[in-house]
Amino acid sequence: MIKRSYLFALLFLLLSAGLAGAQNPLLNLVANNVVQKYQNSTCEQLWEARGKPKSPQEQEMVQLLRNDPTLRVQFINMIAAPVANKMFECSMIP
């Protein structure tokens, strides 16, 4: 958890400094971590995590994605299929 927190903090600092290009290795790393989280978690773990508050670093990342539509599109395109498939398997979406 601490490793992920540092990753989100580092990503936030670099992206807020204007390094959010089309090929951003840090965005790839965060997206891959999100995909791995969903693929490696059981449905029960995902249901439990759904109701918990996000860490400050995760909240910063979400805010960054809300403020930067280009970055948000890149991130969503990277995680959409694997996350949606897992959520469907877990009956989290119809």
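None of the figures in this text is laboratory data; all of them are computed from the coordinates on show. Worth saying up front: this structure is predicted, and the values here are computed from it rather than measured. Positions of Cβ are generated from backbone atoms using ideal geometry, with glycine treated the same way; all protein chains shown enter the neighbour counts.
Suppose R0 equals 30 Å. What FRET efficiency, 1/(1 + (r/R0)^6) with r the Cβ-Cβ distance, do A84 and N33 give to the nearest 0.05? Walk me through the numbers on the way to the answer.
Details: r = 17 Å, r/R0 = 0.57.
Computed FRET efficiency for A84 and N33 comes out at 0.95.
Can you work out the FRET efficiency for the pair M92 and T70, with r the C-beta to C-beta distance and R0 = 25 Å, to the nearest 0.05? Please report the intermediate quantities before stating the final value.
Numbers: r = 27 Å, r/R0 = 1.10.
According to the calculation, E is roughly 0.35.
Once label points are set 7 Å from the Cα along Cα→Cβ at both N77 and T42, what is their separation, rounded to one decimal in nm?
Each label point lies 7 Å from its Cα, and together they span 3.7 nm.
Computed over the Cα atoms of segment 28-88, what is the convex hull's projected area averaged over all directions, in nm²?
4.2 nm²
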